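Quick notes on the structure that follows.
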Amino acid sequence: MAFVRTIVLAYEKYGMDPRAALTRARISQAQLKRTDARIDSGQMEIVSATAMQELDDEALGWFSRKLPWGTYGMLCRASLTAPTLGIALSRWCRHHRLVTDDVTLGLEIGRATASIVIEETQDLGPMREFCLLTSLRYLHGYACWLVDSRLPLQEVAFPFPAPRHREVYPLLFPGPSRFESPRKETRMTFDASYLALAPRRDEDAIRIMLKRALPLTVRPYRRDRLLVERVRALLARPNELRGTASALSSALHVSVRTLHRQLADEGSSLQALKNEVRERRARDLLRRTDLSIKEVARAAGFTNEKSFSRAFKGWTGLSPSDQRDAEDARAQKIRLS
């Protein structure tokens, strides 16, 4: 309800009455006064959309000037033709500065991670929290929609203290949230691999989306186009080969049920990926090292040599020792040639 009270502040700023928006969203005055009151995503969508149109301000009073109805649609369209998500996000941040300079958005790219950073140039007052978190959710929701993929977050950091309603943050951001960031900035960090994804939307798709865009802001996107690669990368770490679904889902910030469902949606499974990574590691160790078969089995995530040999023969049609002999013969032939 803290977010709804911030929307009411926008009505007060413009000298307008919020009662029609509250009534339409089925929010009573009694609820509005309760600090422990909650609303669902549908109510949030209704009260936000109604307020944006009645106030003609998609920023809901955050900034020193209004962002008229259609401003964020313009930002979406300006990024639509980008060849990659990285370029689309850069365009969004650059064009956002044309509509307001009360906050600045930027894309920072490191070796393995990328971050959207918001810096405040004006005092946002009591609207600060709602402004900063919603600005991130707008961009995150649009990015997920644009490439048709969930964009998992490694961390979201905010400069303000943890609010009383901090438990809502995991529902808004798929990843850990941190408050009172030492950098004194708002930052959303994710795997830089997602920046290379190509957009999957066109003008017809954006026209349909903009008719009801707010669900992208209040409801997390489900599909993850890079989930299979992320699971492979985790399993490729030596200590993760025996990793349980629970441990992997925790590292990926999803539930076990979601992990299995999304892998199935991508035509894969956790066991298939484990087998794939184990086979690749076993082949590599047999080819490049002098480790015994027992040591290779342990390094590939097996508890004993017998189960490893049975699995390896199922993958390749050869026993581990026969595979090593074949690799040695192939290497000898190359040397002689």
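Okay, here's what the table says:
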item: Residue, nearest to SER149 (Cα to Cα), within the range 248-288, restricted to residues that are in a helix (DSSP H, G or I) and of a type in the set (S, T, N, Q); result: GLN262
item: Complete set of residues in the range 322-337 that are touching a helix residue (DSSP H, G or I) at 6+ places or on another chain (Cβ under 9 Å) and surrounded by 13 or more Cβ atoms within 10 Å (Cβ to Cβ); result: ASP322, GLN323, ARG324, GLU327
item: Tabulated pairs, the range 18-45, first within 14 Å of ARG5 (Cβ to Cβ), second charged (D, E, K, R) and assigned to a loop (DSSP other than H, G, I, E, B), C-beta under 7 angstrom, 6+ apart or interchain; result: THR35/ARG164; GLN43/ARG26
item: Residue satisfying condition, being more than 11 Å from the chain's Cα centre (by Cα), outside the structural domain of MET1 (by TED's automatic domain parsing), farther than 19 Å from LEU252 by Cα and surrounded by fewer than 21 Cβ atoms within 10 Å (Cβ to Cβ), within set ARG178, ARG164, ARG137; result: ARG164
item: Whichever residue in the range 22-70 is of a type in the set (Val, Ile, Thr) and surrounded by fewer than 15 Cβ atoms within 10 Å (Cβ to Cβ) and, among such residues, is nearest to the chain's Cα centre (by Cα); result: THR35
item: Residue among GLY73, GLY86, GLY125 that is under 24 Å from TRP145 (Cβ atoms) and over 19 Å from the mean Cα position of the chain (by Cα); result: GLY73
item: Selection within the range 292-317 - surrounded by 14 or more Cβ atoms within 10 Å (Cβ to Cβ) and either in a loop (DSSP other than H, G, I, E, B) or not assigned by TED's automatic domain parsing to the domain that holds ARG232 (or both); result: ALA300, GLY301, PHE302
item: Residue within the range 199-214 that is touching an Asp or Glu at 6+ places or on another chain (Cβ under 6 Å), in the same structural domain as THR104 (by TED's automatic domain parsing) and modelled with pLDDT under 80 present; result: yes
item: Residue check, PRO159 in the same structural domain as ALA205 (by TED's automatic domain parsing), buried (at least 18 other Cβ atoms within 10 Å of the Cβ), over 17 Å from the mean Cα position of the chain (by Cα) and farther than 20 Å from ARG230 by Cβ; result: yes
item: Failed item in (1) in the same structural domain as VAL103 (by TED's automatic domain parsing); (2) at positive phi, with GLY73 passing the rest; result: (2)
item: Total residues in the range 252-291, condition out of contact with any helix residue (DSSP H, G or I) (no Cβ under 8 Å at 6 or more places or on another chain) and either under 21 Å from ASP328 (Cα atoms) or crowded, with 18+ Cβ neighbours inside 10 Å (or both); result: 4
item: Members of the range 104-132 that are hydrophobic (A, V, I, L, M, F, W, C) and touching a residue at least 40 places away in the same chain (Cβ under 8 Å); result: ILE109, ALA112, ALA114, ILE116, VAL117, ILE118, LEU124, MET127, PHE130, CYS131, LEU132
item: Yes/no for PRO126 being surrounded by fewer than 19 Cβ atoms within 10 Å (Cβ to Cβ) and in a helix (DSSP H, G or I); result: yes
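The values are calculated or read from the model by the stated rules, or taken from the named source; none is laboratory data. Computed from a predicted model, the values in this text were never measured in an experiment. Neighbour counts run over all protein chains shown; Cβ positions are idealised from the backbone, glycine included.
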